[in-house]
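K.L.:
My structure is below; once you've seen it, I'll send some questions.
Each value in this text was obtained by applying a stated rule to the coordinates, not by laboratory testing. From a predicted model like this one, the values you see are computed outputs, not experimental measurements. Every residue, glycine among them, receives a Cβ derived from its backbone with ideal geometry; neighbour counts consider all protein chains shown.
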Amino acid sequence: MIDKLLSQLKQKIEALPLEEKIEVLNKVREELHNISPFCEEPVDCVLWVKAENLHANEYNPNVVANPEMKLLYTSIKLDGYTQPIVSYKLDEGVREIVDGFHRRLVEEREKDISKRVYGYLPVTTINKPLSERMGSTIRHNRARGTHEIEAMSDIILDLTKSGWTDDDICKKLGMDLDEVIRLKQITGLKEAFQNHEFSKSWEEFESKYYKEAEIETEEIPNKKEGAKKKK
């Protein structure tokens with residue numbers, strides 16, 4: 001019975017014009033996603049949306065150099081889009097890019113790619129508030145990219161203003177506490193330290209640097225004593 005229904009559905013979809021066909025396929029994917037045992041996983045539902053409706057976010061500090069951009073183009077040209085763009089649905093069909101801006105850029109710049117995908121791009125969807133989307137972007141970037149330090153420090157400031165503690169930033173963004181402190185210092189603004197855990201930070205700083213210094217100073221006299229004994 002399932003095979004018969006699939007065959008009928010396939011015939012009906014194949015007869016549709018391009019835009020309507022993509023719309024229907026997206027709807028089918030969404031309906032299947034709703035009953036899927038993997039419905040909590042964004043990658044379970046990849047949709048094709050018009051590239052013009054995908055917009056960059058205002059907080060991404062990730063930078064891709066020209067050689068890497070060329071390699072990304074080559075990869076998409078030869079292998080196709082193997083990874084969807086992570087997005088957040090805004091109003092009227094517009095989406096904010098959480099991760100994958102440079103995949104969007106390749107489609108925009110390279111006409112052969114745009115023509116091949118009919119001006120559409122594959123997306124997954126996450127539904128999170130702004131601060132959590134910022135955290136998601138950083139996690140994606142830190143796993144494979146590089147950051148502009150100033151932009152990264154601005155993100156830390158924004159997350160702090162939204163109520164994230166040092167511990168939240170460390171755990172959710174995979175940072176060490178001293179890295180968070182340095183990024184906060186770069187901003188030069190007292191707001192960066194509004195949720196800063198001074199006692200914990202100082203203890204970590206003290207244990208990391210002062211104890212190392214004490215060990216070094218203890219070792220130096222011991223070496224001299226040893227030298228005297230040999231004489």
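K.L.:
Quick check on packing: order 86-93, 41-48, 155-162 by the mean number of other C-beta atoms within 10 Å, highest mean leading. Present the calculation step by step, with values, prior to reporting the outcome.
P.N.:
Values: 86-93: 14.6, 41-48: 16.2, 155-162: 20.0.
Sorting 86-93, 41-48, 155-162 by mean packing, highest first, produces 155-162, 41-48, 86-93.
K.L.:
Starting from 0.36 nm per residue, how many nanometres of slack lie between Asn66 and Asp112 once their C-alpha separation is accounted for?
P.N.:
Numbers: separation 46, 0.36 × 46 = 16.56 nm, distance 1.88 nm.
Taking 0.36 nm per residue and subtracting the Cα distance, the gain is 14.7 nm.
K.L.:
Taking 0.36 nm per intervening residue step and subtracting the Cα-Cα distance, what contour gain separates Leu18 from Ile126 on full extension?
P.N.:
36.2 nm
K.L.:
With θ set to phi - 60°, apply the Karplus curve 6.51 cos²θ - 1.76 cosθ + 1.60 along region 30-37 and write out the HN-Hα couplings as whole Hz, x wherever there is a Gly or Pro.
P.N.:
Running phi through 6.51 cos²θ - 1.76 cosθ + 1.60 with θ = phi - 60° gives 5, 5, 5, 4, 4, 10, 6, x Hz.
K.L.:
Translational diffusion coefficient, Stokes-Einstein: compute it for region 1-119 using the Kirkwood radius over C-alpha pairs as Rh, at 25 °C and 0.890 mPa s, and state it as an integer in µm² s⁻¹.
P.N.:
On the way: Rh = 16.3 Å.
Approximately 150 µm²/s, per Stokes-Einstein.
K.L.:
A follow-up question, please. Simple spin-label model, 7 Å along Cα-to-Cβ: Val94 to Gln8 in nm?
P.N.:
With each label placed 7 Å out from Cα toward Cβ, I get 4.1 nm.
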